[in-house]
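Presented below is the structure to which this report refers.
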Amino acid sequence: MRRVLLTAVLLAAALGTTAPAQQAVRVPPPLTDAASPFHHLELPAASAVRGGSGAPGPAYWQQRADYVIRATLDTVTNRVSGEERITYTNNSPDTLRYVWLQLEQNLFTSTSRGSRVFDQGSRWGTRGAEGGVTLTRVAEPRPARAATARTARAIISDSLHYTVNGTVMRVDLARPLAPRGVAVLDIAWSFPFGSNANRMGMERVDGGTIYEVAQWYPRMAVYDDVRGWNTDQYLGQGEFYLEYGRFDVSLTVPASMLVAATGTLENPTAVLTPLQLTRLRQARLSDTTVVIRGRNEVEDSASRPHPAGGLLTWHFTADSVRDFAWAAARHFIWDAARVNEGRTLAMSFYPPSADSVWRNATQFARAAIENYSRMWVPYPYPVAINVNGIEGGMEYPMIVFCHARSDGPALYSVTDHEFGHAWFPMMVGSNERLYPWMDEGFNTFQNYYAWKLRYPGLPNRRGNAAAYLTMALSGQEQPIMTPADRTNPQLLGQVAYNKPGVGLILLRDQIVGPERFDAAFREYIRRWSWKHPTPADFFRTMNDALGEDLSWFWRAWFYTTETLDQAVESVVTSTDSAGHVTSRIFLRNVGPMVMPVVLDVTFDDGGVERLRLPVEIWSWSDRYVAAVPGPRRVTAVVVDPENAFPDVDRGNNRWQSRR
């Protein structure tokens with residue numbers, strides 16, 4: 001097909017429709033003009049902590065929090081009680097006189113802020129729960145070298161003054177914590193299960209109870225270079241921002257129960273039967289699913305170590321993680337298979353009534369882990385666990401909670417989504433409460449491609465442009481940069497999940513191309529794994545790795561609710577004195593958002609050619625003329641023929657000659 005040559009003509013106010021192609025083109029104003037969509041995006045000033053390229057600077061720092069937790073689940077009172085020792089390392093240049101911790105179980109009371117912000121019966125509601133954290137000790141351990149028998153107890157654990165403010169707690173340190181210093185806190189606490197079914201909870205099903213336990217221990221708030229202490233209240237809708245560290249967790253539960261948790265099980269011989277240990281070894285070598293405890297063994301007392309009526313303690317460790325979650329039930333079916341050639345063990349835990357669908361869950365987990373490992377960077381953890389209980393879909397390091405029981409594609413979708421969070425935010429640790437799109441939007445973006453691979457013929461609700469357009473035309477849209485708890489709950493799925501996913505798909509597939517985008521996105525993951533990136537770090541890294549300034553895209557798509565409306569207004573064909581035929585296509589950017597333009601052009605001989613115009617055609621005007629040389633005449637034009645761009649009005653995307 002003959003390549004069409006294009007010449008650009010600025011449509012000035014006095015330009016007639018038959019103006020010659022050689023008319024002078026006005027020099028555009030500088031791109032620093034604040035009215036221009038190409039004005040450089042104003043981001044926080046670069047520094048030695050966060051560089052202008054988007055990479056962590058030579059002075060980058062972040063805090064560390066290590067936990068040793070000993071907890072017990074009382075299945076009679078449905079209460080978790082625990083003691084923990086937090087070792088907190090101050091890597092900041094600041095001296096800290098107090099620290100802040102999160103007590104997120106305090107959401108689940110009828111007087112909490114979250115119970116009054118969100119409808120109690122909604123996804124984020126507290127459902128009338130009367131729970132909350134009971135603190136029985138907040139102390140600082142001291143060395144006992146000089147202690148007498150009479151004074152040793154007081155010296156070993158000195159109480160600290162603390163103040164609880166809703167779901168956060170300030171603890172005043174006995175001594176200022178200098179840079180590079182370490183503080184150790186001892187905390188004892190408990191909380192009841194009840195109707196708290198927000199991201200966790202208990203479900204009575206198949207004659208037993210499944211406990212999904214999350215946001216369950218007092219944990220350090222983040223102190224960073226951007227905001228200092230991040231003490232946003234937990235209201236239910238906003239998710240989490242946490243420090244990385246090491247966890248050593250011992251969980252004491254009835255001996256009849258199986259436990260699934262973040263990390264590596266350190267005492268398998270104490271809590272599993274010899275047959276289960278043998279099957280686990282087989283699963284580590286098997287790509288097909290191996291049943292560790294089957295449906296027919298759930299009620300068999302031989303499937304649990306004795307004494308059957310006593311208690312067992314499960315011991316787990318996990319390193320370089322930002323959180324810890326677990327689940328327990330006496331009637332779990334349990335199966336497993338290896339992932340990434342045995343570097344990871346995928347496992348599923350579910351009740352008997354879920355068996356018909358969940359027998360595929362481990363293979364769904366394998367597909368997600370291996371797919372995203374190929375796309376970006378390898379999954380870094382030893383286990384990937386999926387638990388079926390009350391929570392519809394929620395992610396934690398190495399373990400996810402998914403409720404779907406009756407629909408295979410639905411289970412695949414939620415499994416793929418929750419394990420996608422292993423990359424965002426478990427590895428790339430953004431502030432989800434402030435910037436939910438930095439985990440949900442990134443994850444929606446990658447889920448879009450995974451669904452296309454698995455179910456190419458079924459509608460894809462991840463990264464769905466039609467759903468975005470419905471929101472954009474509703475008049476209710478909020479910018480992507482809106483914090484989670486200030487986002488209308490009815491719009492959260494669009495603002496934090498879908499629209500950022502649509503935007504990244506658009507950027508990858510239509511604007512810069514998959515090869516360039518993927519290399520830049522991998523660079524972002526490489527730079528910010530196990531760290532705390534901000535939006536500026538992402539935008540700068542992508543610009544840096546792609547080799548171009550995408551301010552026009554970041555600003556319009558992420559910071560505003562501007563919409564795209566590209567139009568073809570007319571086509572004029574003329575013949576000059578030398579007999580040369582030229583067709584001029586008059587285009588207009590009706591909406592404030594700019595994008596590249598793709599045209600299908602039909603000629604009088606029936607031929608059709610595709611023209612691609614760069615976004616820079618809108619640098620100094622919302623009108624542009626594409627001059628197409630003859631001898632063929634243009635008879636029809638279609639803007640965005642594949643509906644690849646989110647155009648809010650397709651009624652002006654076509655022009656047809658009246659001949």
If you take the residues of the stretch 299-325 that are under 35 Å from the mean Cα position of the chain (by Cα) and part of a loop (DSSP other than H, G, I, E, B), which of them is farthest from VAL400 (Cα to Cα)?
ARG322
Within the stretch 213-226, is there a residue that is surrounded by fewer than 19 Cβ atoms within 10 Å (Cβ to Cβ), part of a loop (DSSP other than H, G, I, E, B) and out of contact with any Ser or Thr (no Cβ under 8 Å at 6 or more places or on another chain)?
no
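I want to confirm something. Restricting to the stretch 234-273 and keeping residues that are without any contact (Cβ under 8 Å) to a residue 60 or more places away in the chain and not aliphatic (A, V, I, L, M), which single residue is surrounded by the fewest Cβ atoms within 10 Å (Cβ to Cβ)? Working first, answer last.
Of all residues in the stretch 234-273, those without any contact (Cβ under 8 Å) to a residue 60 or more places away in the chain come to 255, 265-273.
Those left that are additionally not aliphatic (A, V, I, L, M): 266-269, 273.
Details: GLU266: 13, ASN267: 13, PRO268: 13, THR269: 9, THR273: 17.
That would be THR269.
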Subset of the stretch 587-615 that is over 25 Å from PRO37 (Cβ atoms) and free of Cβ contacts under 8 Å to residues at least 24 places away in the same chain - its residue that is surrounded by the most Cβ atoms within 10 Å (Cβ to Cβ)
VAL608
Take the conditions under 15 Å from GLN510 (Cα atoms) and surrounded by fewer than 17 Cβ atoms within 10 Å (Cβ to Cβ) and apply them to PRO631. Does it pass?
no
Looking at ALA346, ALA318, ALA328, ALA336, which one is within 30 Å of GLY125 (Cβ to Cβ), of a type in the set (A, V, I, L, M, F, W, C) and in the same structural domain as GLY294 (by TED's automatic domain parsing)?
ALA328
Out of the residues in the stretch 326-365 meeting the condition of being outside any loop (DSSP other than H, G, I, E, B) and among the polar types (S, T, N, Q), tell me which one is surrounded by the fewest Cβ atoms within 10 Å (Cβ to Cβ).
SER356
Among the numbered criteria (1) within 30 Å of SER301 (Cα to Cα); (2) in contact with a His (Cβ under 6 Å, 6 or more places away or on another chain), which single criterion is violated by VAL357?
(2)
Hey, among the residues in the stretch 157-180 that are in a loop (DSSP other than H, G, I, E, B) and buried (at least 16 other Cβ atoms within 10 Å of the Cβ), which one's farthest from the chain's Cα centre (by Cα)?
LEU160
Out of (1) closer than 14 Å to ALA325 by Cβ; (2) over 19 Å from the mean Cα position of the chain (by Cα); (3) among the hydrophobic types (A, V, I, L, M, F, W, C), the one ILE399 does not meet is (2)
Checked the stretch 488-512 for anything in contact (Cβ under 8 Å) with a residue 40 or more places away in the chain and of a type in the set (S, T, N, Q); matches are ASN498, GLN510
Which is closer than 16 Å to ASP537 by Cβ and either modelled with pLDDT under 95 or among the small types (Gly, Ala, Ser) (or both), of GLY457, GLY441?
GLY441
Might you let me know whether the stretch 557-573 holds any residue that is touching a Gly at 6+ places or on another chain (Cβ under 6 Å), among the aromatic types (Phe, Trp, Tyr) and touching a residue at least 40 places away in the same chain (Cβ under 8 Å)?
yes
Which residue, of ASN464, ASN543, ASN498, is in contact with an Asp or Glu (Cβ under 6 Å, 6 or more places away or on another chain) and at pLDDT 95 or above?
ASN543
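Look at the stretch 461-482 and say how many of its residues are in a loop (DSSP other than H, G, I, E, B), of a type outside the set (A, V, I, L, M) and surrounded by 17 or more Cβ atoms within 10 Å (Cβ to Cβ). Don't jump to the end; show me each part of the working.
Quick first cut of the stretch 461-482, residues in a loop (DSSP other than H, G, I, E, B) only: 461-464, 473-482.
Checking the rest, the ones that are also of a type outside the set (A, V, I, L, M) come to 461-464, 474-479, 482.
Cutting the leftovers down to surrounded by 17 or more Cβ atoms within 10 Å (Cβ to Cβ) gives us 462-464, 477-478, 482.
Number satisfying all stated conditions: 6.
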Confirm whether LEU251 is within 21 Å of ALA327 (Cα to Cα), of a type in the set (A, V, I, L, M, F, W, C) and in a strand (DSSP E or B).
yes
Identity of the residue in the stretch 526-559, within 25 Å of ASN230 (Cα to Cα) and among the polar types (S, T, N, Q), that ends up surrounded by the fewest Cβ atoms within 10 Å (Cβ to Cβ)
SER529
Within the stretch 507-518, identify whether any single residue is hydrophobic (A, V, I, L, M, F, W, C), surrounded by fewer than 20 Cβ atoms within 10 Å (Cβ to Cβ) and either in a loop (DSSP other than H, G, I, E, B) or touching a His at 6+ places or on another chain (Cβ under 9 Å) (or both), and answer yes or no.
no
Could you go through the stretch 102-124 and let me know if any residue there is modelled with pLDDT under 95, assigned to a strand (DSSP E or B), surrounded by fewer than 15 Cβ atoms within 10 Å (Cβ to Cβ) and not aliphatic (A, V, I, L, M).
no
Filtered residue count, the stretch 404-448, keeping only those that are in a helix (DSSP H, G or I) and either surrounded by 19 or more Cβ atoms within 10 Å (Cβ to Cβ) or hydrophobic (A, V, I, L, M, F, W, C) (or both)
29
Run VAL9 past the list (1) at pLDDT below 90; (2) surrounded by 16 or more Cβ atoms within 10 Å (Cβ to Cβ); (3) out of contact with any strand residue (DSSP E or B) (no Cβ under 8 Å at 6 or more places or on another chain); (4) of a type in the set (A, V, I, L, M) and report the number of the one that doesn't hold.
(3)
Matching residues in the stretch 602-621 - criterion: being part of a strand (DSSP E or B) and within 21 Å of GLY513 (Cα to Cα):
GLU609, ARG610, LEU611, ARG612, LEU613
So is ALA368 outside the structural domain of PHE445 (by TED's automatic domain parsing), assigned to a loop (DSSP other than H, G, I, E, B) and not acidic (Asp, Glu) or not?
no
Cβ-Cβ distance below 6 Å, separation of 6 or more or different chains: which pairs start in the stretch 452-467 with a residue that is over 16 Å from PHE364 (Cα atoms) and end on one that is part of a loop (DSSP other than H, G, I, E, B)?
ALA465/PRO646
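The values are calculated or read from the model by the stated rules, or taken from the named source; none is laboratory data. None of these values were measured; they are calculated from a predicted model. When we count neighbours, we look across all protein chains shown, and the Cβ atoms used for this are built from the backbone with ideal geometry, even at glycine.
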